[in-house]
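Enquirer: Here it is, the structure, as structure tokens.
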Amino acid sequence: MDTVVQQGRLNMTDAEWQARCDLAALYRITDAYGWTDTINTHMTVRIADDPKCFLINNYGDLFHEITASSLVKMDLDGKVYSDDGSFNAAGFTIHSGVYKARPDVNCVMHTHTRAGTGISVLKKGLRPISQDALAVLDEVVYHEYGMPTSEEECEALGVTCQKGSSVVLRNHGLLSVGATVPAALRRLYMLERACEVEIIARGLDEEPAPIDDEVVRRYGERARQQRASPEFGVSDWKAAVRLIEGKGTDWRQ
């Protein structure tokens with residue numbers, strides 16, 4: 001272990017350091033996938049041995065700059081435990097609202113991608129027209145736009161997330177949650193893909209080919225079984241980590 005990492009781990013449990021490394025990796029993966037919005041949008045992880053607290057990015061850092069030690073630790077009431085760094089008020093509202101309402105959730109991802117935001121502004125959102133959509137459609141919920149920094153929005157988003165784990169934030173973007181980082185990432189990847197295909201299909205001069213209702217139902221059952229496994233998304237996560245490791249491992253500092 002190098003000196004930088006040793007310094008970053010002072011007064012920190014192994015669980016917190018692991019959460020920091022995982023979240024820093026998630027930001028680098030998000031950057032590699034092209035899901036960033038400069039310094040905006042947020043990914044967070046709950047700390048396993050201190051579930052009232054979660055980690056969020058230092059507001060102002062680009063995603064490819066984020067490291068394990070640069071992340072900000074805060075609790076669900078907004079108290080900051082890090083010596084330095086700042087957080088975005090809207091980010092706190094969105095993520096704390098989910099964690100309060102979903103004690104089973106340990107990772108929340110939120111994006112403003114063009115495809116995701118494009119679907120979010122449509123009255124009729126995703127349709128069962130692609131394999132990608134079928135992977136998430138049974139758990140997709142829509143959340144009406146509200147003031148991101150308000151207490152009312154914090155509570156309202158929590159209620160919405162109790163109904164589904166793949167969320168289209170109306171007029172805003174996308175959000176996914178998971179019991180693990182790999183699960184949240186896999187959900188968001190498939191949700192993003194479904195939105196991309198939907199946007200492409202809407203620009204064509206013919207109606208998309210329908211998928212049989214029974215196939216949609218059976219695929220949904222299969223998807224639910226896969227998501228119930230603790231291994232859901234793990235293989236995809238390992239592959240994504242290998243992708244960013246090819247560019248260096250400074251995010252572990």
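Enquirer: Select from region 48-100 the residues that are assigned to a loop (DSSP other than H, G, I, E, B), under 16 Å from Ala19 (Cβ atoms) and acidic (Asp, Glu) and list them in ascending order.
Expert: Asp49
Enquirer: For a quick check of your reading: which helices (runs of 4 or more DSSP H) sit entirely within region 109-197 and have at least 2 residues that are over 17 Å from the mean Cα position of the chain (by Cα) and farther than 26 Å from Val215 by Cα?
Expert: Hits in region 109-197: 151-161.
Enquirer: Restricting to region 101-142, give me the number of residues that are under 19 Å from Lys163 (Cα atoms) and touching a Cys at 6+ places or on another chain (Cβ under 8 Å).
Expert: Residues that pass the stated criteria total 5.
Listed here are the residues, each with its yes/no results for (1) at pLDDT below 95; (2) surrounded by fewer than 22 Cβ atoms within 10 Å (Cβ to Cβ); (3) more than 22 Å from Glu245 (Cβ to Cβ); (4) touching a Leu at 6+ places or on another chain (Cβ under 7 Å).
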| site | (1), (2), (3), (4) |
| --- | --- |
| Thr3 | yes, yes, no, no |
| Leu10 | yes, yes, yes, no |
| Trp17 | no, yes, no, no |
| Leu23 | no, no, no, yes |
| Tyr33 | no, yes, no, no |
| Thr44 | no, no, yes, yes |
| Cys53 | no, yes, yes, no |
| Lys73 | no, yes, yes, yes |
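Enquirer: Among the residues that make up region 84-91, is at least one of them closer than 20 Å to Lys238 by Cβ and more than 17 Å from the chain's Cα centre (by Cα)?
Expert: Scanning region 84-91, I find no residue that is closer than 20 Å to Lys238 by Cβ and more than 17 Å from the chain's Cα centre (by Cα), so the answer is no.
Enquirer: Identify the residue in region 128-156 that is closer than 21 Å to Gly178 by Cα, in contact (Cβ under 8 Å) with a residue 40 or more places away in the chain and touching a Leu at 6+ places or on another chain (Cβ under 7 Å) and, among all such residues, is surrounded by the fewest Cβ atoms within 10 Å (Cβ to Cβ).
Expert: Only one residue tops the list, namely Val140.
Enquirer: Regarding Gly125, is this residue touching an Asp or Glu at 6+ places or on another chain (Cβ under 9 Å), small (Gly, Ala, Ser) and touching a residue at least 60 places away in the same chain (Cβ under 8 Å)?
Expert: yes
Enquirer: Under 7 Å between Cβ atoms, which residue pairs at least 6 apart in sequence (or on different chains) link something in region 1-27 that is under 20 Å from Phe63 (Cα atoms) and of a type in the set (Ser, Thr, Tyr) with a partner that is modelled with pLDDT of 95 or more and assigned to a helix (DSSP H, G or I)?
Expert: These pairs meet every condition: Tyr27/Phe63.
The values are calculated or read from the model by the stated rules, or taken from the named source; none is laboratory data. Small disclaimer: the values here were computed from a predicted structure and weren't measured. Quick reminder, even Gly has a Cβ in these numbers, built from the backbone with ideal geometry, and neighbours come from all protein chains shown.
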